[in-house]
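Below: the structure, in C-alpha cells.
Bear in mind that the values in this text are calculations on the coordinates, not laboratory data. For clarity, every value in this text was computed on a predicted model and none was experimentally measured. Note that each Cβ is placed from the backbone with ideal geometry, even for glycine, and that neighbours are counted across all protein chains shown.
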C-alpha cells in the first residue's frame, strides 16, 4: 500500500454528532436571545469552528459575541454531546483493519480532543487510534494545515506516506495546504461534484471503499 499513515476528520467522517450539535447550537442561540436554526442549516456548517458557525448563522463577527456562543454551546455539549454521537457504520471495521495491518491512525478535528476521547471510550475503541489532534492542540484550526503537520511530525513520516480522509471542502483544503493526499467520503453534506475542483486521490461513498481503493 502506498500510505503508511491514515488521518481522519471526525464529524461525518468517523462519527455523526448531528443530534447533539443541533441541540447545542439552538441552546446557545436561545441563551443569547437569538432565533433557533433548522437541522439542515446547522448540518451544513458542521466542520467549521463554532465561531465561524455562529457568524454564518447571524452575520455577527465580533469576537466577544462569538465567544459567548462558544461558551454556551460547550456548556451544553459537555452534558449531551458524547451521548448523542454515533459512529458512521463502517468506522470501527475500517479502523480495526488498519490497526491489525500495522498502519498508524490519527484524528485531526476542530472538535476538542477530550470530546473525541470520550466518544472513543464510549465505544471502547481507544486503542484503534494512535493520536488525536483537537481544537486545543492548535493555534489555527482547519483549513490551516497546522494540525495535520503536527500529526505528521509526531509520527515522523514523509508527507508522501500520509492520506487525510474527510467529508468536506474544509478537509480537502486542509490536506492541500499541508501538501498531503486527500480522499473524500460522501457521508457528510458535500456532494461528489463539489470535490472535483480540488485535488483528491479518490471520492467514495464509504470509508470501506477508500480503504479498498488504497489496497488495490
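Cβ crowding within 10 Å ranks 127, 16 as 127, 16, fewest other Cβ atoms first.
By the beta-carbon count within 10 Å of each Cβ, the least crowded to most crowded order of 213, 164, 182, fewest first, is 213, 182, 164. Assuming a ≥ b ≥ c are the square roots of the Cα gyration tensor eigenvalues, decide whether segment 1-135 counts as rounded (a/c under 1.5), prolate (otherwise, with a/b larger than b/c) or oblate. Prolate shape, in that a/c is at least 1.5 and a/b is the bigger ratio. A simple spin-label model places the labels of residue 157 and residue 126 2.4 nm from each other, with each point 7 Å out along Cα-to-Cβ.
Counting residues in segment 60-195 as N, plug N into 2.2 N^0.38 Å and put the Cα Rg over that result.
1.11
Legend: Rg and Dmax of segment 18-84, from Cα coordinates, 10.7, 32 Å. Dividing the radius of gyration of the alpha carbons in segment 82-158 by their Kirkwood radius gives 0.97 for Rg/Rh. For the options 140, 28, 197, a Gaussian network treatment of the chain with springs between C-alpha atoms closer than 10 Å singles out 197 as fluctuating the most.
Based on C-alpha pairs under 8 angstrom that are at least 6 apart in sequence, the chain has a relative contact order of 25 percent. Taking every alpha-carbon pair under 8 Å whose residues sit at least 6 apart, segment 18-84 reaches a relative contact order of 44 percent. Distance between the 7 Å Cα→Cβ label points at residue 196 and residue 40: 2.3 nm. From least to most packed, judged by other beta carbons within 10 angstrom and beginning with the fewest, 27, 114 follow the order 114, 27. The mean sequence separation of alpha-carbon pairs under 8 Å and at least six residues apart, normalised by the residue count of segment 92-216, gives a relative contact order of 18 percent.
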